[in-house]
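Okay, structure first, notes after.
The values are calculated or read from the model by the stated rules, or taken from the named source; none is laboratory data. Small disclaimer: the values here were computed from a predicted structure and weren't measured. Glycine also receives a Cβ, built like all others from the backbone with ideal geometry; neighbour counts cover every protein chain displayed. Note: areas computed on protein heavy atoms with side chains; ligands, DNA, RNA excluded. Shrake-Rupley method; radii C 1.70, N 1.55, O 1.52, S 1.80 Å.
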Amino acid sequence: MSVPLALLGLLEREPSHGYDLKRDYDTYFGRGKPLSTSQVYSTLGRLARDGKVVAGDPEPGAGPDRKRYVITELGVTEVETWLAEPAEAEPHLQTVLFTKVVLALMLGRDAAAYLDAQRAAHLQRMRELTEIKRSGPLVDKLLADHAMFHLEADLRWIDLTEARLGALASEVGR
Amino acid sequence: MTETVLVEAREATLSFGRTPALRGASLAVTAGEILAIMGPSGSGKSTLLHCLAGILTPDSGEIRFDGRRLDTLRERERSALRRERFGFVFQSGQLVPELTAEENVAMPLLLAGVRRARALAEARSWFGRLGLDGLERRRSGELSGGQAQRIALARALVARPDVLFADEPTGALDSLTGEHVMDLLVTAARDGGTTVVLVTHEARVAACADRELVVRDGKVTTLTRTAS
């Protein structure tokens, strides 16, 4: 998640004070990792410096900064471009799953047992996500869906790898 | 608290001709539990489900329901047990096309000798619960896949079975519809205290269960318990 672009996007929705931006970011994108106040203001400072937002005059009220931030045309263009670009498709196989299976086979260890343990862990996580989907708001369901589809992809890879263990062992085994 | 084993297989074997489908499969399902049986195609998971449900009889080993041997019962007794104590949901609803949706749902009650008016009234009570209001008089050709599967679910549960056997209950549905059907299945089973044995190749369906096991080459090879 790109914090500056997410904040810019929130500002495109409506001009906001830093405090409101932090609240909205934490609500929609924070997912247990809220932004620090200093991070919000330092990011807004950089966006202002780069001409992507402008800060209004200080407004009366409690707190040190009561400026309202407004996105500029440059900022809108940046958000538009970012939202139109696909994220890089990451090579998920180069992960710990792949490394563990290949290493286990190289070392003559029980790769099938590892895959079973990984399958159980994945299914347990999917069970937790299913519970979140059952009881949570729609935004949480969307995120849980995303996580579950990735876990399902891993599980399909685990199933296929299990079916290929014999062939793999003869290729990489010692 | 002691958990009561309701459905059990002990070293069940079964071959179709020379092809072994089960090679000593054992498992125990406790009362009220939702168990998912997973495994690759051809692993024997559906055969195991059919043995547990008394649809197939193993060549050797034992199948028990509520402490009684199921595999040694006469077909007539097994048939009565299936009718009175079990409910079934399959991949495609398998509704009777000549009957209306409410008649399909009422069928287990009608077969059990319940009067038609009462059976239909009981059947109709499931329509609102499963989001099927207004579909009571439709026939299967006038229902979407998701609607037909919910009708099948209502039919499986209308007689309040002890065990619901489900074989790929969402296999023919899209993700969202499948999720809806599983939500309804789990909720209805929990509400009614129904034990569920579910065969699926879909991880997200298995994740709705309390526990899953994996069948490989006709044997139950993995059994994992939830941390909760």
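Take the Cα of B:R129, step 7 Å along the line toward its Cβ, and report every residue of the range B:152-188 whose backbone nitrogen sits under 11 Å from that point.
Counting backbone N atoms under 11 Å from the label point, the list is B:154-161, B:185, B:187-188.
Per residue and in Å³, how big is the convex hull formed by the alpha-carbon atoms of the range A:3-84?
88
What is the spin-label model distance, in nm, from B:R76 to B:E142 if the labels are put 7 Å beyond Cα along the C-beta direction?
4.0
Mind listing, in residue-number order, the residues in the range A:100-131 that have at least 50 Å² less accessible area with every protein chain present than in their own chain alone (1.4 Å probe)?
By number: A:D116, A:L123, A:R127.
Cα extents of the range B:94-157 along the three principal axes, largest first, in whole Å?
30, 23, 18
Need one value for B:174-185: mean number of C-beta atoms belonging to other chains within 10 Å of its residues' C-beta atoms.
1
Using a 7 Å offset from the Cα along the Cα-to-Cβ direction at both A:A163 and B:E62, what is the distance between the two label points in nm, to one decimal?
Taking the two extended label points, one gets 3.6 nm.
Taking amide H atoms as placed 1.01 Å from N in the peptide plane, list the residues 5 or more away in sequence, or in a different chain, whose amide H sits under 5 Å from that of B:L164.
B:G87, B:T195, B:V196, B:V197
So what's the angle, to the nearest 10 degrees on a 0 to 90 scale, between helix B:101-111 and the longest Cα principal axis of chain B?
For helix B:101-111, the angle is close to 60 degrees.
Rounded to whole Å and ordered largest first, report the semi-axes of the equivalent ellipsoid of the range A:96-172 derived from its Cα gyration tensor (root of 5λ).
31, 10, 8
Between A:R134 and B:A121, what is the label-to-label distance in nm when each label sits 7 Å out along the Cα-to-Cβ direction?
Using points 7 Å along Cα→Cβ, the separation is 3.3 nm.
Can you list the residues, at least 5 places off or on another chain, whose amide H is less than 5 Å from the amide H of A:V53, using H built in the peptide plane?
Close amide H contacts, sequence-distant or interchain: A:A48, A:T72.
So what are the three principal axis dimensions of chain B from its Cα atoms, in whole Å, longest to shortest?
47, 43, 38
Against the longest principal axis of chain A, how steep is helix A:37-49, in degrees 0 to 90 to the nearest 10, with axes from Cα atoms?
Roughly 70 degrees, rounded to the nearest 10.
Considering every Cα-Cα pair within chain A, what fraction, in whole percent, is farther apart than 24 Å?
Of the Cα pairs, 57 percent sit more than 24 Å apart.
In whole percent, what relative contact order does the range A:3-84 give with Cα contacts below 8 Å and a gap of six or more residues?
36
Tally the DSSP beta bridges in the protein assembly as shown and give the antiparallel ones as a percent, rounded to 5.
On the way: 27 of 44 bridges.
Taking every DSSP beta bridge within the protein assembly as shown, about 60 percent pair in antiparallel fashion.
Per DSSP helix of 4 or more residues, -39500 (n - 2.57); summed, then divided by the residues of chain B. What does that give at 222 nm, rounded to the nearest 500?
Mean residue ellipticity at 222 nm (helix-derived): -10500 deg cm²/dmol.
Once Rh is set to the Kirkwood radius over Cα pairs, what Stokes-Einstein translational diffusion coefficient, in µm²/s, holds for the range B:1-136 at a temperature of 20 °C and a viscosity of 1.002 mPa s?
On the way: Rh = 17.0 Å.
Estimated via Stokes-Einstein, D reaches 126 µm²/s.
To the nearest 10 degrees, how steep is helix B:75-85 against the longest Cα principal axis of chain B, on a 0 to 90 scale?
So the inclination is approximately 60 degrees.
With the cut-off at 1.5 for a/c, could you classify the range B:162-212 from its C-alpha gyration tensor as rounded, prolate or oblate?
It is prolate, given that a/c is not under 1.5 and a/b is the larger ratio.
To the nearest 0.05, what FRET efficiency results for A:K100 and B:R190 with a Förster distance of 41 Å applied to their C-beta separation?
Approximately 0.65, to the nearest 0.05.
Please list the equivalent ellipsoid semi-axes of the protein assembly as shown, computed as the square roots of five times the alpha-carbon gyration tensor eigenvalues, in descending order and whole angstrom. Spell out each step's value before the answer.
Values: eigenvalues 501, 188, 58 Å².
Equivalent-ellipsoid dimensions as semi-axes: 50, 31, 17 Å.
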